[in-house]
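Have a look at the structure below before the remarks.
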Amino acid sequence: MKTNKLCLSIFLLFLSFTTIAQLKTPDEFLGYTLGERFTPHHRMEAYFKYVAENNPNIKLEYYGETYEHRPLFVAYITSPENFEKLEDIRKANLARAGFGNSSNITDKSTLVWLSYNVHGNEAVSMEASMKTLYDLADKSNSKTQTWLKNTVVIIDPCINPDGRDRYANWYIQFGNKPDSADPNSKEHHEPWLSGRSNHYMFDLNRDWAWLTQIESQSRIKIYNRWLPQVHVDFHEQGYNAPYYFAPAAEPYHEVITPWQREFQMKIGKNHAKYFDQNGWLYFSKEVFDLLYPSYGDTYPVYSGAIGMTYEQGGIGAGLSITKNDGNLLTLKDRIAHHYTTGLSTIEVASLNAERLVDEFENYYKKPAPSRYKSFVIKGTTDSDELKRLTRFFDEHLIKYGAATSNLSSKGFSYADVSQQPKVSVSTNDLVINLNQPKANLVRVLFEPQTKLSDSLTYDITAWTLPYSHNLKAFALEEIIAHSGEYPIAEPSNEFSEKPYAYLSKWNDTEDAKWLGYLIQNGIKVSFAENDFQVDGKSFKRGTLIISRGINVGNNQFDEIVVSSAKKHNRNLHAATTGFVASGNDFGSSSVKYIKPPKIAILSGSGASTLSFGEVWHFFEQEIGYPATVLDTDYFGGVNLDQYNVLIIPNGYYGSNLKTGDKTNLADWVKKGNKLILMENALSSFADVDGFGLKTASESDTLKKERPNLESYENEERYALTEYTPGSIFKLVTDRSNPLFFGLENDYFSLKLDSHAYKLLSEGANPGYIKSKNNLVNGFVGSELLKKLENSLSYGIENIGRGSVIYMADNPLFREFWQSGKLVFSNAVFLVDQR
Ligand SMILES: [Zn+2]
């Protein structure tokens with residue numbers, strides 16, 4: 001018996017040794033050395049699967065699929081002991097953050113999450129993830145196996161598979177064999193659509209908080225099920241730069257704790273040790289700050305983690321490139337660097353596991369002190385916006401509810417920043433207070449002013465939720481109690497008789513989505529230009545009027561309208577008459593028929609991929625309305641008469657839009673069509689014959705000879721006086737103009753560049769900046785602020801029978817500006833219907 005047992009043990013030992021001996025390295029599995037080629041996404045997936053199948057304490061979890069149907073997954077790697085109780089570790093970790101009950105787990109294993117390749121053309125990351133995985137899976141590696149005793153590593157090898165494969169496929173097609181290190185070689189110059197972004201050309205590293213893209217929506221679910229203590233986002237920067245790692249640059253947001261700062265320093269020092277040993281160059285404490293909440297470093301930071309960005313120099317480097325300093329940079333070098341920081345991160349986390357876990361718990365138990373402690377949003381329980389917001393809060397584990405009692409308080413009004421009004425809170429109001437685990441994140445999303453310790457920042461400095469969602473909202477200095485839920489009423493839409501007309505509100509992109517559906521299904525729709533009353537009820541301007549009279553001959557009229565209203569959750573009013581008590585009767589010329597838009601969007605060289613992607617995504621994914629994508633390559637030869645709306649997204653068109661193209665466009669508009677120009681597309685039409693747009697001239701102070709007055713070290717700071725990284729202005733808004741129909745408040749606009757245009761002398765200026773007092777949040781340089789006085793944000797010029805809509809500010813920016821999407825819908829469907 002004894003002998004048998006011994007034999008069995010020896011046999012098992014032998015078996016496990018052979019398993020170890022057999023675990024293939026990435027090189028052995030793939031059949032080439034890492035760094036010799038770019039690995040396609042499905043081959044990387046195959047390697048992860050193989051390792052998980054051959055190591056009992058590694059498993060994969062699939063969490064979603066990209067727009068192009070590539071799989072999204074993570075791998076969990078830890079010690080055999082931890083692996084057995086992985087689910088208990090997860091629950092204990094969440095309980096420390098205040099979610100769920102604590103389990104019987106008392107040990108303090110830390111969670112380290114490594115995310116690779118959020119930017120597809122920063123292509124080294126996914127390659128490095130395989131090498132890192134192998135070291136963690138390799139049982140003979142005593143270092144990594146020791147770390148895993150108190151550390152659970154979660155690897156997301158590729159956050160953006162569509163972009164990554166786009167880059168890799170392109171490189172495989174155009175790369176020389178052998179590869180050319182000459183920076184002029186085509187393989188170092190990606191075409192118009194680079195691999196950086198996802199399918200819809202969104203930057204996924206700006207989407208962690210807003211969750212507009214399917215990759216982010218899928219990832220946040222799994223991320224918030226774990227809430228790691230350390231999160232690393234692996235990137236690349238220009239290939240002439242060396243390596244960047246923590247600590248991050250100022251500004252840091254105020255809620256960031258001393259421990260979060262301290263640990264960044266510990267990590268940085270550990271990486272430096274390895275880089276010093278190898279003589280590799282690096283920098284830290286510069287460029288990459290911690291402020292904008294939608295990054296892969298800041299979002300984790302505001303969720304209690306040490307969130308970090310690591311940047312290898314390498315964008316465009318292909319398999320090898322000669323740098324400015326004459327040295328050769330290879331993909332193999334880049335892999336070695338990311339692999340080194342990945343393992344070094346796990347090492348430091350393991351050495352500090354207990355402290356990491358304790359400080360994580362502290363982060364959730366003791367949020368940063370804040371002047372404002374509750375945020376109250378006025379609303380009704382059938383509001384699309386509140387429904388959207390509650391879904392948004394659920395995704396971020398943010399607690400909210402209806403106010404439990406009617407009361408009055410004092411606070412800050414987002415809509416009217418100069419006032420400290422009395423606020424009456426009612427039980428219909430949605431309340432979010434800081435008495436909850438995600439208090440710091442709530443505060444970052446709602447704070448009226450972002451405090452900057454330094455005005456040099458990498459991204460927009462303002463994102464306040466009540467502005468982006470055009471909410472009637474207040475920040476209060478006391479904790480307001482709420483019920484813990486906010487039920488949204490569902491419409492019933494049961495009608496016994498066939499009405500004269502169906503009426504439906506217009507204040508949300510959900511309304512635009514339904515309107516788009518009706519139009520595509522042959523229903524004719526009008527809208528009211530003025531408020532009106534009928535059947536004893538009041539309706540606001542913009543209300544959709546779907547009358548039987550205009551749909552004469554359509555015997556499916558009632559069925560299509562009522563069933564689609566149900567499907568789209570629209571609350572219909574069945575009007576018994578078109579004779580109104582106030583306002584305009586339904587046959588009035590002030591009730592405008594919405595001519596079905598036939599839409600074209602310009603893309604290609606000159607257009608900003610991000611901006612074009614936003615427009616594209618808006619039509620395909622947000623409202624489901626068809627639009628034809630054109631390209632600047634052949635735009636001049638397209639007969640535009642097939643379309644009545646043309647959208648030119650933000651871009652630097654230059655010679656991509658020829659003078660002849662612009663003349664043709666002016667003629668096309670005259671025939672009764674609509675041209676929508678966005679952001680810098682305006683500059684291609686400013687001061688051009690046939691268009692009334694004029695550039696604002698520079699102020700005298702701007703023209704002064706500053707380079708001679710400024711020292712070399714101050715030059716960068718002086719440039720800031722003419723700059724905004726993104727800031728919020730409360731526009732002077734004409735809400736009687738259809739462009740702003742459905743808004744709850746004056747429009748708050750995100751200003752992203754330093755262009756300024758004069759108000760239209762012939763045309764409407766429904767949204768503009770009057771003075772510097774219109775700035776409500778974010779950094780704007782002093783000179784730019786002067787230049788923006790009396791400048792156009794949104795203008796409409798009638799040319800012949802058509803119109804041009806000038807959008808100097810991008811209402812679709814990253815698609816998180818919810819009210820901007822309504823303005824854009826207005827431009828497409830309501831403006832200039834005659
Ligand atoms: Zn990047």
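The values are calculated or read from the model by the stated rules, or taken from the named source; none is laboratory data. All values reported here derive from a predicted model rather than from experimental measurement. In this analysis, Cβ positions are derived from the backbone assuming ideal geometry, glycine residues included, and neighbour counts consider all displayed protein chains.
Of note:
- For first residues located in segment 225-239 and aliphatic (A, V, I, L, M), partners that are away from the ligand (no atom under 16 Å from the Cβ) and in a strand (DSSP E or B) and lie 6+ apart or on another chain with Cβ distances below 8 Å form the pairs L227/L111; V230/T110; V230/L111; V230/V112; V230/W113; V230/I306; V232/V112; V232/W113.
- Condition check for A168: more than 15 Å from the ligand (Cβ to nearest atom), touching a residue at least 60 places away in the same chain (Cβ under 8 Å) and of a type in the set (G, A, S): yes
- The strands (runs of 3 or more DSSP E) found wholly in segment 1-118 include none carrying at least 3 residues that are modelled with pLDDT under 95 and under 29 Å from P437 (Cβ atoms).
- For L148, the test of being surrounded by 20 or more Cβ atoms within 10 Å (Cβ to Cβ), within 30 Å of Q237 (Cα to Cα) and either modelled with pLDDT of 95 or more or within 16 Å of the ligand (Cβ to nearest atom) (or both) is failed.
- Cβ pairs under 6 Å, 6+ apart, first in segment 300-318 and farther than 30 Å from P191 by Cβ, second within 13 Å of the ligand (Cβ to nearest atom): G307/D297; M308/V232; M308/D297
- Single residue of N650, N656, N680 found to be touching a residue at least 40 places away in the same chain (Cβ under 8 Å), in contact with a helix residue (DSSP H, G or I) (Cβ under 7 Å, 6 or more places away or on another chain) and under 19 Å from G606 (Cα atoms): N650
- Which listed residue is buried (at least 17 other Cβ atoms within 10 Å of the Cβ), aliphatic (A, V, I, L, M) and without any contact (Cβ under 8 Å) to a residue 24 or more places away in the chain, from A75, A52: A52
- Considering only residues in segment 298-308 that are in a helix (DSSP H, G or I) and within 16 Å of the ligand (Cβ to nearest atom), the one that is farthest from the chain's Cα centre (by Cα) turns out to be P300.
- Lone qualifier among F234, F202 - being assigned to a loop (DSSP other than H, G, I, E, B), crowded, with 20+ Cβ neighbours inside 10 Å and in the same structural domain as T78 (by TED's automatic domain parsing): F202
- Residue under evaluation E262, criteria (1) within 16 Å of the ligand (Cβ to nearest atom); (2) not in a loop (DSSP other than H, G, I, E, B), criterion not met: (1)
- Options K524, K595, K566: the member that is within 30 Å of G636 (Cβ to Cβ) and among the charged types (D, E, K, R): K595
- Selection count, segment 330-341, where residues are touching a strand residue (DSSP E or B) at 6+ places or on another chain (Cβ under 6 Å) and more than 16 Å from the ligand (Cβ to nearest atom): 1
- Every condition in (1) in contact (Cβ under 8 Å) with a residue 60 or more places away in the chain; (2) assigned to a loop (DSSP other than H, G, I, E, B); (3) more than 16 Å from the ligand (Cβ to nearest atom); (4) out of contact with any Leu (no Cβ under 6 Å at 6 or more places or on another chain) is met by P178 except one, and the failing one is (1).
- Subset tally (residues that are in a loop (DSSP other than H, G, I, E, B) and basic (K, R)) for segment 567-622: 3
- Some residue of segment 361-381 being assigned to a helix (DSSP H, G or I), at pLDDT 95 or above and in contact with a Phe, Trp or Tyr (Cβ under 6 Å, 6 or more places away or on another chain): no
- Residue selected from segment 520-566 under the condition of a type in the set (S, T, Y) and in a helix (DSSP H, G or I), by the criterion nearest to L830 (Cα to Cα): S564
- On the stretch given as segment 87-129, residues that are within 14 Å of the ligand (Cβ to nearest atom) and either surrounded by fewer than 24 Cβ atoms within 10 Å (Cβ to Cβ) or polar (S, T, N, Q) (or both) total 4.
- Matching residues, segment 176-200, being small (G, A, S) and over 32 Å from the mean Cα position of the chain (by Cα): S180, A181, S185
- Set side by side, the residues G195, G163 differ, and just one is within 16 Å of the ligand (Cβ to nearest atom), part of a helix (DSSP H, G or I), surrounded by 20 or more Cβ atoms within 10 Å (Cβ to Cβ) and not assigned by TED's automatic domain parsing to the domain that holds L389, which is G163.
- Among the residues of segment 309-329, those identified as crowded, with 17+ Cβ neighbours inside 10 Å, of a type in the set (A, V, I, L, M, F, W, C) and away from the ligand (no atom under 16 Å from the Cβ) are L319, I321, L329.
- Residue count, segment 220-258 (criterion: away from the ligand (no atom under 16 Å from the Cβ) and closer than 25 Å to G100 by Cα): 14
- Tabulated pairs, segment 402-431, first charged (D, E, K, R), second not in a strand (DSSP E or B), C-beta under 8 angstrom, 6+ apart or interchain: K410/Q420; K410/P421; K410/E477; D429/K378; D429/G379
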